[in-house]
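In what follows, a structure is listed as structure tokens, so that the remarks can point back to it.
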């Protein structure tokens, strides 16, 4: 990893439930607790040529949204810290839930949206874990934060509000940097992403890495991560997304399929007639001429 590159390892921690040191039974076992979102991040960078620097972050929000808009709202202030220091290439590493990190809205933002916020960037890659591959560094941050808050509650203090939780974590977790993310910031990113053009890709669940380059308006999708190739990977490419079309190319390059976004005619069925049906006023041959679907069953066969 060069000096102009950083690796951002991120994950949503399980929401934290605010607690009191002493609780009545109805509240303790009830479902009315306020929850707080924790998005944990570990960023790897090089301060010098041979010096690997590791920074731990936790962004907190009262909004329980975990979609693409929330992801970028949580990541935006952290990326800005490093862009100001001359970073030009971002590598992301995360799990691969289709409701959060790996979906068409994220693909569209990685292709163009992120460069509108950070024009200094030259390239972005997002790498996805396979499901069930164990815990990572961000999970450790989430565990430390929630265990610290629970310890404070066990010592007799209340953690009953968002601001209290933030203050307690800042005072007791000196190795982690904490930032507050407001709901209005999440809504801003969500609105921008929802207004942008998105394109579906058949085979999203097979994608393990995506790569974009500034001003190229395309996204390379790969079944395994590859850092030896540029925009077009000769080893693991399974498709390319652009704003004009969706192109899926196989590794052999023997076939090329283009999926248009236009509406396709859907197949419908109308009525099913038997040989003895008195409602069959239209001959079967006429149905076939009109391009409609008809099925004929023997009268002796029960349906």
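Viscosity 1.306 mPa s, temperature 10 °C: Stokes-Einstein D of region 5-246 from its Kirkwood Cα radius, in µm² per second? Display every interim value, and only then the final one.
Numbers: Rh = 19.2 Å.
Taking Rh from Cα pairs, D becomes 83 µm²/s.
For region 1-89, what is the largest minus smallest coordinate of the Cα atoms on each principal axis, given in angstrom and ordered from greatest to least?
Dimensions of region 1-89 along the principal axes of its Cα atoms: 57, 26, 16 Å.
If you count, for each residue, the other Cβ atoms within 10 Å and average over each peptide, how do 136-148, 77-89 line up from highest to lowest?
By packing density, highest mean first, the sequence is 136-148, 77-89.
Quick note: the coordinates plus some simple rules give every number you see, no bench work behind them. Treat the numbers as computed from the prediction; the structure is a model and nothing was measured. So basically every Cβ, Gly included, is an ideal-geometry build from the backbone, and we count neighbours across all protein chains shown.
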